[in-house]
Amino acid sequence: MEACGEKFKREMASVDPKNWCNLTHFIGQYNAFSNCSEIQSTINSCFWPNTLVENYMIHIHKHFFSNCTLKRVIWVDPPDDTLTIIILIPIFLTLAMIALVVWCSKRSDVLA
């Protein structure tokens, strides 16, 4: 794993640190690192991923990608006018449908 990690670190040195959170800038290097770790596990007759590989991957992620968390969206309530409209539209539609049903049931002799 150390050999794979050192190669990955050398390759990541060529990537601008401000692009470390953009996977398109280092997908090839990361794929090579992942394949290398799998091959090394197979050569050493270990299953992949194993605890050693997982711990090393976590170490690599903490080193290179610890500042890549997405900013959380802060939800805010809509303005009162908008909220009132959003609430009243279904109420008025329901009342209109009830009125239409009542009106049609009174006129059943004409519609039949």
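The values are calculated or read from the model by the stated rules, or taken from the named source; none is laboratory data. Every value quoted in this text rests on a predicted model; they were computed, and no experiment measured them. Glycine also receives a Cβ, built like all others from the backbone with ideal geometry; neighbour counts cover every protein chain displayed. Note: accessible area is taken over every heavy atom of the protein model, side chains too, but ligands, DNA and RNA are not part of it. Shrake-Rupley method; radii C 1.70, N 1.55, O 1.52, S 1.80 Å.
Just a few scattered comments:
- Any hit, region 52-70, residues being of a type in the set (K, R) and more than 30 Å from A3 (Cα to Cα): no
- Scope region 7-17; condition open to solvent by less than 80 Å² (accessible area, probe 1.4 Å) and either acidic (D, E) or assigned to a helix (DSSP H, G or I) (or both); matching residues: F8, K9, E11, M12, D16
So that you can scan it fast, the table gives a plain yes or no per residue for (1) more than 26 Å from the chain's Cα centre (by Cα); (2) open to solvent by less than 80 Å² (accessible area, probe 1.4 Å); (3) of a type in the set (A, V, I, L, M, F, W, C):
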residue: A3; (1), (2), (3): yes, yes, yes
residue: F26; (1), (2), (3): no, yes, yes
residue: Q29; (1), (2), (3): no, yes, no
residue: S37; (1), (2), (3): no, yes, no
residue: N44; (1), (2), (3): yes, no, no
residue: E54; (1), (2), (3): no, no, no
residue: H59; (1), (2), (3): no, no, no
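- Considering region 1-37, the residues that are modelled with pLDDT of 90 or more and of a type in the set (D, E, K, R) include one that is nearest to C68 (Cα to Cα), namely D16.
- Summed over region 82-100, residues that are surrounded by fewer than 10 Cβ atoms within 10 Å (Cβ to Cβ) and either under 26 Å from I27 (Cβ atoms) or modelled with pLDDT under 95 (or both) total 0.
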